[in-house]
1. Calculated FRET efficiency, Ser25 and Asn54, Cβ-Cβ r, R0 30 Å, to nearest 0.05?
2. Along Cα→Cβ, 7 Å out, is where each label goes; now give me the distance between the ones at Glu32 and Glu64 in nm to one decimal.
3. What is the Rg over Rh value, at two decimals, for the stretch 100-183, using alpha-carbon atoms and the Kirkwood definition of Rh?
4. Using each residue's phi in the stretch 51-57, evaluate 6.51 cos²θ - 1.76 cosθ + 1.60 at θ = phi - 60° and report the 3J(HN,Hα) Karplus result to the nearest Hz, with x for Gly and Pro.
5. From a point 7 Å beyond the Cα of Phe131 in the direction of its Cβ, which residues of the stretch 30-73 have a backbone N at a distance under 20 Å?
6. With a ≥ b ≥ c taken as the square roots of the eigenvalues of the C-alpha gyration tensor of the stretch 54-107, please select rounded if a/c is under 1.5 and otherwise prolate if a/b is larger than b/c or oblate if it is not?
7. How big is the antiparallel share of DSSP beta bridges in the chain, given as a percent to the nearest 5?
8. Which of rounded, prolate or oblate describes the stretch 1-118 when judged by the alpha-carbon gyration tensor and an a/c cut-off of 1.5?
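Read-outs throughout are calculated quantities, based only on the coordinates presented, and are distinct from any laboratory measurement. Just so you know, these numbers come straight off a predicted model, no measurement behind them. We place every Cβ from the backbone using ideal geometry, glycine too, and count neighbours over all the protein chains shown.
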Amino acid sequence: GNLPLREAVQAALNMEPMMQSAYGSSDFYQLEPGLMMPQTAWWTDAGADRYNMNNPELAKQKLEEAGYDGTPIRFMSTQEYGYMYATSTVAVQQLEAVGFKIDHQVTDWATVITNRAKPEAWEMFVTGHGFVPDPSQISYVGGMNVYPGWWSDPDSLELAGEILSLTTFEERMPVWEQIQANAYTQIPAIKIGDGATI
């Protein structure tokens, strides 16, 4: 749907307090823009200027550009995973501070999974993604336009097809960098940070 509205969310968020709330000590989290972890050959900072923007003024500008009329944004979360609830609670405060109205729907995780399959039921949800060795295993890359959020940009879909069909790292890496760059401009999802639980 509305790209300026997603840009407003992207601009509003300050990742540090979310990660502090979710993981406690900075020993257990890092803020970095890569959708693949720095420990992998796939790490890139493509799109980094749009990571952790923490720019409330730009967020307000984008809300205006989006023609936001105060309709509540339904944001699904759960207390079953403490880090998800901590993240969404802080995000709600940050989004409300720039002028969003948020309907923070806190349910069990099974309900989040059921509802996120229905595009008409929500605008945002919080989740985590485990370590994967290959970018095609990121849920909304390998499952582009299938994973909830339905990233359907034609250019990105073509790139996703390429990264699945190409075989060498040398061929695939530039494609991956472009996918990550697109993720920051098209905003199918927003990365908060890398976290570790014990």
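1. The computed FRET efficiency comes out at 0.90.
2. Each label point lies 7 Å from its Cα, and together they span 3.8 nm.
3. Ratio of gyration radius to Kirkwood radius for the stretch 100-183: 1.04.
4. Each residue's phi maps through the Karplus curve to give 8, 6, 5, 6, 10, x, 5 Hz.
5. Only 30-45 pass the distance filter.
6. It comes out oblate by the Cα gyration axes.
7. 20
8. Judged from the Cα gyration tensor, the stretch 1-118 comes out oblate (a/c at least 1.5, b/c at or above a/b).
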